[in-house]
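A.B. asks: My structure is below; once you've seen it, I'll send some questions.
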Amino acid sequence: MVKTMRILVINGPNLNMLGIREPEIYGKGTYDDLVEHVRCGARALGVGVDFYQSNHEGDLVDRIQQAYGVYDGIVINPAAYTHTSVALLDAVKTVEIPTVEVHISDVSQREDFRQVSYIRLGCVGTVMGKGFDGYVEAMEMLVAGQEDAK
């Protein structure tokens, strides 16, 4: 029996406000639209997917730790914590679950303070500037990595 790959999608602060927050940067799609888009992508890839969103750094750390032994990959958009949180980096490094950092906007083309990504040091890849499709691309990277490991 073949085990279905399980991926956890984690979203950080203010992503629950998609569709309201700066639509010129993040688009008009809502958080529910994002979840549905990623669910469709996961079905096409034949992987299981679960979602978690929090505006609180410690909650995100807790969820990463809870993923240990449960998930085969993590897709994470840490949002503003990308640029400030060593705790998220340490959590990802601790659980050793292949993780892909994703951003809806192209943070490399934005403010100077957004040029630093702590979590990137613990990730197998980064996808940015591709909107909701970036999450699906991140899952594709995780699936390809699992296939390469076989």
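A.B. asks: If I model a spin label as a point 7 Å beyond the Cα along the Cα-Cβ vector, how far apart are those points for THR94 and GLN65 in nm?
C.D. replies: According to this spin-label approximation, the distance is 0.4 nm.
A.B. asks: Only sites in a loop by DSSP and with at most 10 other Cβ atoms within 10 Å count here; which trypsin sites (Lys or Arg not before Pro) in the range 24-84 make the cut?
C.D. replies: LYS28
A.B. asks: For the range 1-84, what D do you get in µm² per second when you plug the Kirkwood radius from alpha-carbon pairs into Stokes-Einstein at 4 °C and 1.567 mPa s?
C.D. replies: Value of D from the Cα-based Kirkwood radius: 94 µm²/s.
A.B. asks: Which one of VAL124, THR30, PRO78 is farthest out on the positive end of the charge dipole of the chain, using unit charges on Cβ (Lys, Arg +1; Asp, Glu -1) and the Cα centre as origin?
C.D. replies: The residue sitting most towards the positive pole is VAL124.
A.B. asks: What percentage of the solvent-accessible surface of the chain, computed with a 1.4 Å probe over protein heavy atoms, is contributed by carbon and sulfur atoms?
C.D. replies: It is 50 percent, rounded to a whole number.
A.B. asks: Pull out the extension gain between THR84 and HIS56, defined as 0.36 nm times the separation in residues minus the alpha carbon to alpha carbon distance; nm, one decimal.
C.D. replies: Full extension from THR84 to HIS56 adds 8.8 nm.
A.B. asks: Something else: Let me know the charge dipole size of the chain about its Cα centre in debye, to the nearest 20, where only the beta-carbon of Lys, Arg (+1) and Asp, Glu (-1) is charged.
C.D. replies: The calculation lands at about 220 debye.
A.B. asks: Hey, can you rank 6-17, 118-129 by average C-beta count inside 10 Å, highest first?
C.D. replies: For the peptides 6-17, 118-129, the packing ranking is 6-17, 118-129.
A.B. asks: With a Förster radius of 22 Å, plug the Cβ-Cβ distance of ALA44 and ASP106 into 1/(1 + (r/R0)^6) and report the FRET value to the nearest 0.05.
C.D. replies: 0.35
A.B. asks: Another one. Can you pull the one-decimal nm distance between simple spin-label points at ARG21 and LEU121, each 7 Å off the Cα toward Cβ?
C.D. replies: The answer from the label model is 2.4 nm.
A.B. asks: Same structure, new question: Count charges around GLY125 for me, please; just the other residues with Cβ under 14 Å from its Cβ, Lys/Arg as +1, Asp/Glu as -1.
C.D. replies: Neighbourhood net charge equals -2.
A.B. asks: Run lengths n ≥ 4 of DSSP H only: what is the helix-derived mean residue ellipticity at 222 nm for the chain, with -39500 (n - 2.57) per run over all residues, to the nearest 500?
C.D. replies: It comes out at -11500 deg cm²/dmol, rounded to the nearest 500.
A.B. asks: Please give, to one decimal in nm, the separation of the simple spin-label points placed at ASN14 and ARG114, each 7 Å out from Cα toward the Cβ.
C.D. replies: 0.9 nm
The values are calculated or read from the model by the stated rules, or taken from the named source; none is laboratory data. Since this is a predicted model, take the numbers as computed values, not measurements. As a convention, Cβ positions derive from the backbone with ideal geometry for all residues, glycine included, and neighbour counts pool all protein chains shown. Side chains included, ligands, DNA and RNA excluded: accessible areas come from the protein's heavy atoms. Shrake-Rupley method; radii C 1.70, N 1.55, O 1.52, S 1.80 Å.
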